Every structure is written in C-alpha cells, then in structure tokens.
Amino acid sequence: MADFYVTIGLEVHCQLLTRTKMFCQCGTDYIGKAPNTLVCPVCMGIPGSLPVLNEKALELAIKTALAFRCEILPQVVFHRKNYFYPDLPKGYQISQYNFPVGVNGFVEFFTQGTKKRVRIKRVHVEEDAGKLIHEGLGLPPNSSGVDFNRCGIPLVEIVTEPDIHSPEEARDYLVMLRSMVRYIGASDGNMEEGSLRCDANVSVSPSPLELGTKVEVKNMNSFRSVFRALHYEIERQKRVLLEGGMVIQETRHWDEREGMTVSARGKEEAEDYRYFPDPDLLPVAIKPEDVEEIEKTLPELPLERRERFMTEYELTESEAGILTQEKDIADFFEACLREFRKPRLVCNWMLTEVLKNLNELNIDIMQSKITPGSLVELIKMVDKKEISGTIAKDILEEMFVSGGKVKEIMARKGISFITSEKELERIAREAIEKNPQSVADYLSGKEKALHFLIGQVMKMTRGQADPETVKSLLLKELSSGE
Amino acid sequence: MGEKISLEELKKVAQLAKLQFEEGELMRFFQDVNEIVAHFEKLDQLDLRDVSPTSHISWSQPPVHADDPTEWKGEEKVFQHAPVVWNRYFVVPRVVEKEER
C-alpha cells in the first residue's frame, strides 16, 4: 500500500475557571442548575444591554497563552462572529479575530517515547453559547428548548499549527494540554462534562511536499472519541484516494455509536461569519508589566516537572509522567518526600496502592482523606518491618475512606502492633517450642515443616508479620538451636 | 451608475441576515446599497497610506467587572415575553441540521 502523509491541526476550547461570565456577572456554576436561572439581559441578548469584560477571564486567557509560550499582543480586540442559531441570543458570538490574546507559541510533550514540539498558532478568548435540548416529556413537537445558563461563560481557544501526524500524537497533545490548563488553574479540562472540547482538521496526502484536502471533524466528546474519530477519518480519506477519488473539503461529525464520521455538507455552506470589531467593547491595552505579573503566577509546568522528577528522584520517564500529569498528585508526592526522602519507595506506593485506591473510589487525591503525613507514617512502618505489606494495604484503604493516622486505624480495627524484631523473635521461639515435631522434621530435611512454622507465627501475629522476616528469624533460631 | 454590488450578492446578504423582501423592496435596496458603496469609493480617493485602520476612536481603558457573581431576578419577566416556555426552557422551532452536544 502506498505511503500516506497525515496532517492534523487541533482546535481546543476550554471553559475558563471564572466565577462569573465573560461579559456579565451571572454565575458560571451551571451544572445541575434549573434552566435559565444563571441569566441576565446581557447574556440573553436583550436589546440595550451592554457587555462589560470580566477581568479574571482575560487574566486566565493570558496565563494560558503564556503557558503555551505565545507572544502576548499589546492590544486585545473583540470581534463579533455573526451566525444564526437558537443557542446564540444576540445573533453573534463575541470572539476574537486578528488581535487574539497570544500568537506563535509552542508546546512540548512526550509521545511514543520521544519529545515532540507542536507550534501553537493562536490563543484567544470568546464566550460560550447556550444549550439546546430536543427531547423531553411535554416539549411541543418539532421544537427545541433553549437554556442560556451556559451562554456567556468564558472560553479560551487554543489552535495548533498542522504539526500533528497521527491519532496517537493528537491524544498525547490533548493529555498534555489538559494537564497544563489544570496546572495553571485556567480550566478543569473535563471533556465528558464539556468544559474541554476539541475539533480537528485532518488531511491525508500521497506526497510529503503538499497537503491534502482538509476535512474538519467535530462532535468528539472524549479523548477516546478524538482518537477513534481521527483514526477513522484518516482511513476513510486514504480509501477515497486509493480508489482514485478526491477528498471533499467539508465538515464531518463524529458519530460515537456508529464509530464513523458523517458528512455535515450543505448545512454550513452559507456560513459567512462577517467578523467585525464589536463597537460595544473597547480594545484592551495589555501592559507588559501586567503580563510579567501574570507570568510570575505560572507554576512549574508538567513537562518541566516530569523532567525534574527524572533527574532529581531518578524516576523513569513513564513513572515521572504518571506522577506529574495531575498537579495535586505531583504535589502530594513531593510533600511526602519532604518528610521521608526515599523517592523510589514513595513512588512505588503512589503508583500502585495510592492510584489504585483513587481509581476504585473514583475520586481525586484532594477529595480523599489521606494526607502525605499519614502515607509517610505507613510507608516508614513497613520499611522498618513493624507491619507487613498486606496489613499496610488494608490500613491504606481505610485511610482513603475515613482518614486518620495509622495507629488510630490499627486501634480501631483491632490490629496489634508488632513493635520490633525482638517481639517477633519471641513469637518465633514460642512457635518452635510448641512444635517440636515440626522442628525435628525440618532438621531432618523436610522443607515443608518450615512453612508450617511460618504459618504458625503468622497465625500468632494474626497475619501482621512480614513473612520474609518471619522466615529469616525462624531460620536463625533453628540454626542456633542445633 | 455601474453596479458595485450585484443583485445576487444582495440576496446573499439578505439571506445571511435572515431578512426577506418583496421584489420591489429588494430593487429599492439594490439601488440604495449601490449608492452607499459608490460613496465609499469616493472615500477611497483619500490618501491613507500611513494611517492604520480605526475601529474604535476611544483609547481609554475599558471598564471591567470583578469576578463576583450577582443574581439577576428578572428572568420571570423575560419568560412572560417569550412566546412559548416549557419547564423554564425557551421553546423555539426545532433546528435539526446541526448536532448538539
């Protein structure tokens, strides 16, 4: 089969984490709210109302543009993007056109084991549209219901240059983007809830020297659906070309259930947004000193942190990647290390037991009751062989749900505390004294007898001893008794 | 006077603006719009080589609002003006062309 060159550009919209809308002071906490409760004349487009810019939205957009290494333009201008749709009460969306917040940036991330750079064309702010529903008990036939609660919520749009060449790269870019907007507190990046949305421009060409015809793919609601939709669309375009056909420039919608993209042709051909500067909003001058102030608030970003974890804590690329993807996890890890500087040990606990418990409970680390102090206390006890790994895992599970210190949980669950090897030695000796037959069997060469003795000690300690320690203690006692 | 804007272009603009006209009205606008465009051509004679485009004539910093939510209590009034309301939704003729998330 002939070689094809795949080119992908992504446009991502993220809802900014402001408390109020972009041009009015209605609240943004719309999930689960009754329709049309977070509304006012501005966001419902009532004639005569005037927009007033939300300072915080602009600040978060600049912060995002800086994280993506953009040049910040000295002047931000708002344009009207005109189109008719019931979720857009003014008949236009306030967006940006030739003077966005930032241009010419880039982002780097790991993909398939190597570091990749994708150029960022622009970062701009705009307002979100309302929501439509088409079904509901009692909704008149052939009609839709409009809810303006989401209308006017600030979005930041991040547009790449066509530097992405496979669905895998697109997915890894999105994972990095999401991680970054969460790190800087610009957005919660939740794709399933619609606070992160992604459209893709995809083309396939038989030659690396020229681009193929671009198709826009929309309506992808999860990272997985972006991956599947791109994969499908690339194969579809290759098939068209192999059959001697031509790819048509068009918009296609991803149908999640059917697992295919469907042409939306004909519907948007009248699309002509007639952008013009919004006369209701003055251009905003962005002062270099303000940009500097915002830049100071940028935290260490995920890629830098990942690379630092690799050198400073000697973690592998993948371990450091998992630990730094979420800022709270990385912060938690480093808080543990401040109390107990054994990165390897803490990393192992984080990547296995901590993440497992978070997954099972389906919560974030900040929602769980566990603290760096209590995790470290637990790891130290296992490290000193005061409790066994198995017991520690049980205690950890309990810490996630009800919180508390290790010793409190042990008291609550009636787990006794094997303070030292001395205590275990005593128990081991007791087991030997009580089971002379097994001792004789072992000394006459029956390996199995040792396992029986280990079992006896485990029973006497109610499973709280570390079996390896018990084994070595028993061996020591048995050889000294010879 | 030569036509600056064709009748087809005018119809496209009307369609984009969701405006419908009788044939007579359309011809009247056709003439008006062409006169307006002709006037712009006259403005084009000005030498503006060293002047950057102006969209706003004020240079003051625009007002901004703080990020503190306030509640507006007038939505009931808006519902009263809406032709159809169902369960607090404004009801509009169904638009099926575009998929909704």
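Here the condition is being within 13 Å of another protein chain (Cβ to nearest Cβ) and either without any contact (Cβ under 8 Å) to a residue 24 or more places away in the chain or touching a His at 6+ places or on another chain (Cβ under 9 Å) (or both); of A:LEU58, A:LEU53, A:LEU88, it holds for A:LEU53 alone.
Taking segment B:81-90 as the search range and keeping residues that are of a type outside the set (D, E, K, R) and surrounded by 11 or more Cβ atoms within 10 Å (Cβ to Cβ), which one is modelled with the lowest pLDDT? Outline the logic, then answer.
Of segment B:81-90, the ones of a type outside the set (D, E, K, R) are B:81-87, B:89-90.
Filter once more, so that each one left must be surrounded by 11 or more Cβ atoms within 10 Å (Cβ to Cβ): B:82, B:84-87, B:89-90.
Numbers: B:ALA82: 90, B:VAL84: 94, B:VAL85: 95, B:TRP86: 95, B:ASN87: 94, B:TYR89: 96, B:PHE90: 95.
So, considering only residues that are of a type outside the set (D, E, K, R) and surrounded by 11 or more Cβ atoms within 10 Å (Cβ to Cβ), the one modelled with the lowest pLDDT is B:ALA82.
Scanning segment A:62-79 for residues that are within 13 Å of another protein chain (Cβ to nearest Cβ) and not in a loop (DSSP other than H, G, I, E, B), we see that the one that is modelled with the highest pLDDT is A:HIS79.
Across segment B:54-65, the number of residues qualifying as within 7 Å of another protein chain (Cβ to nearest Cβ) and among the hydrophobic types (A, V, I, L, M, F, W, C) comes to 1. Of all the residues in segment A:349-371, those that are open to solvent by 60 Å² or more (accessible area, probe 1.4 Å), in a helix (DSSP H, G or I), over 23 Å from A:MET310 (Cβ atoms) and of a type in the set (S, T, N, Q) number 1.
All conditions but one from (1) of a type outside the set (Val, Ile, Thr); (2) in contact with a Cys (Cβ under 8 Å, 6 or more places away or on another chain); (3) within 11 Å of another protein chain (Cβ to nearest Cβ) apply to A:LEU10; the one that does not is (3). If we keep just the residues of segment A:80-124 that are in contact with a helix residue (DSSP H, G or I) (Cβ under 7 Å, 6 or more places away or on another chain) and not in a strand (DSSP E or B), which is surrounded by the most Cβ atoms within 10 Å (Cβ to Cβ)? Here the residue is A:VAL101.
When the criteria are applied in full, A:ARG257 meets the requirement of being open to solvent by 30 Å² or more (accessible area, probe 1.4 Å), assigned to a loop (DSSP other than H, G, I, E, B) and over 23 Å from A:GLY321 (Cα atoms). For segment B:1-53, a residue qualifies if it is more than 30 Å from A:TYR85 (Cα to Cα), surrounded by 12 or more Cβ atoms within 10 Å (Cβ to Cβ) and either within 14 Å of chain A (Cβ to nearest Cβ) or touching a Phe, Trp or Tyr at 6+ places or on another chain (Cβ under 9 Å) (or both), and the qualifying residues are B:GLU3, B:LYS4. For the residues A:ILE31, A:ILE8, the requirement of being within 26 Å of the chain's Cα centre (by Cα) and within 24 Å of B:VAL95 (Cα to Cα) singles out A:ILE31.
Rundown of residues vs (1) open to solvent by less than 20 Å² (accessible area, probe 1.4 Å); (2) assigned by TED's automatic domain parsing to the domain that holds A:LYS356; (3) polar (S, T, N, Q), yes/no style:
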| residue | (1), (2), (3) |
| --- | --- |
| A:VAL401 | no, yes, no |
| A:GLY404 | no, yes, no |
| A:LYS434 | no, no, no |
| A:GLN456 | no, no, yes |
| A:ASP466 | no, no, no |
| A:LEU474 | yes, no, no |
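Residue check, A:GLU235 against (1) out of contact with any helix residue (DSSP H, G or I) (no Cβ under 8 Å at 6 or more places or on another chain); (2) open to solvent by 80 Å² or more (accessible area, probe 1.4 Å), all met but one. Which one? Unmet condition: (2). Of the residues A:ALA335, A:ALA285, the single one that is of a type in the set (Gly, Ala, Ser) and in the same structural domain as A:PHE23 (by TED's automatic domain parsing) is A:ALA285. Out of all the residues in segment A:196-223, which are under 27 Å from A:GLU304 (Cα atoms), within 12 Å of chain B (Cβ to nearest Cβ) and open to solvent by 10 Å² or more (accessible area, probe 1.4 Å)? Listed by number, the residues that qualify are A:ARG197, A:SER222. In this structure, B:VAL78 does not qualify as more than 9 Å from chain A (Cβ to nearest Cβ), surrounded by 12 or more Cβ atoms within 10 Å (Cβ to Cβ) and within 28 Å of A:LEU281 (Cα to Cα). For A:GLU193, the criteria (1) within 14 Å of chain B (Cβ to nearest Cβ); (2) among the charged types (D, E, K, R); (3) free of Cβ contacts under 8 Å to residues at least 60 places away in the same chain hold in every case but one, which is (3). Just so you know, in segment A:133-158 the residues that are within 18 Å of A:GLN15 (Cβ to Cβ), in a strand (DSSP E or B) and open to solvent by 10 Å² or more (accessible area, probe 1.4 Å) include one that is nearest to the other protein chains (Cβ to nearest Cβ), and it is A:ASP147.
Inspect all residues belonging to segment A:164-187 and state whether any of them is closer than 30 Å to B:SER55 by Cβ, under 25 Å from the mean Cα position of the chain (by Cα) and open to solvent by 10 Å² or more (accessible area, probe 1.4 Å). Checked against the condition, which is being closer than 30 Å to B:SER55 by Cβ, under 25 Å from the mean Cα position of the chain (by Cα) and open to solvent by 10 Å² or more (accessible area, probe 1.4 Å), segment A:164-187 yields no hits at all.
The values are calculated or read from the model by the stated rules, or taken from the named source; none is laboratory data. From a predicted model like this one, the values you see are computed outputs, not experimental measurements. A quick note on method: Cβ atoms are made from the backbone with ideal geometry, for glycine too, and the neighbour counts reach across all protein chains shown. Side chains included, ligands, DNA and RNA excluded: accessible areas come from the protein's heavy atoms. Shrake-Rupley method; radii C 1.70, N 1.55, O 1.52, S 1.80 Å.
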